[in-house]
Amino acid sequence: MNETSPQKEIRIVPSLLAADFARLENEIRAVEAAGCRSLHFDVMDGHFVPNLSFGPDLLAAVRRLTPLKLVAHLMVDNPGLFIEPFRKAGADGIIIHPEIGPDFDQVFRAIRETGAEAGAAVKPKTPLSATDAVWEELDFLLLMSVEPGFGGQEFIPGSEKKIAEARRKAGNRERFLPIGVDGGINLTTIGRAAAAGATDLIAGSAVFRGEATLNVRRLAEAARKGRGEKPPGDE
Ligand code: DX5
Ligand code: ZN
């Protein structure tokens, strides 16, 4: 497979950070209706990032609501403490940051030992090389296109260069690498991210502000267009 033009389909992955927590079940049903297959949990501890969001109990509640794949993006200082709790809560995937420091590799492998998919996320200023030690083992790579901490921020211009670099680098791996982009993904930025090689477009505000089912459908269409694909039915 030629990695620079990934064959894998585009996935819109809603970030629950932007969902209305008072109507969480409705919000999940709305994105299920649009065909979403996974949900993204932006877990923040107020240390690694200057915001506090939610913990494993929210994921456990959502686990009881839906069969969708649940992925926890741990923007926390000591993610090793939370691998077990999130896995027990029902997380199918757990993503951690190499910026946590020297025990990144060991925590990454601890995720894999639980049977969960293991991903790495890098902040905008962190080079891809920060994931070199686990590059071959990655089940998922997440590129932040905003400084992590808050939803509703602007996509950092030029983020697509890093996406393209990651997609090129992924070409040397045995297995296909799903590449996610997180932050400021909306109708005007999603096409660039998809064209550069992203497969999983994480979106909070662009999904949950307004009518979520319609928003997801529009985002998926814009992503496919960005990748030069015809809308389904036009083939
Ligand atoms: C930042 C968060 C956001 C969130 C998406 O730490 O990770 O990127 O997922 O937020 P929106 O889609 O609203 O930019
Ligand atoms: Zn995230």
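The values are calculated or read from the model by the stated rules, or taken from the named source; none is laboratory data. Predicted, not measured: the structure shown is a model, and the values here were computed from it. Neighbour counts run over all protein chains shown; Cβ positions are idealised from the backbone, glycine included.
Odds and ends about this structure:
- Applying the criterion of being small (Gly, Ala, Ser) and more than 14 Å from ligand 1 (Cβ to nearest atom) to the residues of the stretch 28-62, the residue that is farthest from Pro178 (Cα to Cα) is Ala61.
- Considering the stretch 146-178, the residues that are within 15 Å of Ala121 (Cα to Cα) and assigned to a loop (DSSP other than H, G, I, E, B) include one that is nearest to ligand 1 (Cβ to nearest atom), namely Pro148.
- Within the stretch 117-136, the set of residues being in a helix (DSSP H, G or I) and out of contact with any helix residue (DSSP H, G or I) (no Cβ under 7 Å at 6 or more places or on another chain) comprises Ser129, Asp132, Trp135, Glu136.
- From Leu59, Leu65, residue being assigned to a helix (DSSP H, G or I) and either surrounded by fewer than 16 Cβ atoms within 10 Å (Cβ to Cβ) or at pLDDT 95 or above (or both): Leu59
- In the stretch 119-147, the residue that is nearest to Thr189 (Cα to Cα) out of those that are within 15 Å of ligand 2 (Cβ to nearest atom) and surrounded by 22 or more Cβ atoms within 10 Å (Cβ to Cβ) is Ser145.
- Hits in the stretch 85-107 (condition: without any contact (Cβ under 8 Å) to a residue 40 or more places away in the chain, over 13 Å from Arg63 (Cβ atoms), of a type outside the set (Asp, Glu) and touching a Gly at 6+ places or on another chain (Cβ under 9 Å)): Ile94, Ile96, Gln106, Val107
- When we screen Arg11, Arg87, Arg37, Arg23 for residues that are crowded, with 16+ Cβ neighbours inside 10 Å and within 26 Å of Gly210 (Cβ to Cβ), the only hit is Arg11.
- Residue check for Ala198: over 15 Å from the mean Cα position of the chain (by Cα) and in contact (Cβ under 8 Å) with a residue 40 or more places away in the chain: no
- The criterion of at least 1 residues that are away from ligand 2 (no atom under 16 Å from the Cβ) is met by the following helices (runs of 4 or more DSSP H) wholly inside the stretch 179-235: 190-196, 212-226.
- Filter pass, Ser159 being away from ligand 2 (no atom under 16 Å from the Cβ) and among the polar types (S, T, N, Q): no
- Across the stretch 195-208, a minimum of one residue is classified as of a type in the set (Asp, Glu) and within 16 Å of ligand 1 (Cβ to nearest atom).
- Among (1) closer than 20 Å to Ser205 by Cβ; (2) away from ligand 2 (no atom under 13 Å from the Cβ) - the single one Arg87 does not satisfy: (1)
- Flag for Leu143 being among the aliphatic types (A, V, I, L, M) and either part of a loop (DSSP other than H, G, I, E, B) or more than 15 Å from ligand 1 (Cβ to nearest atom) (or both): no
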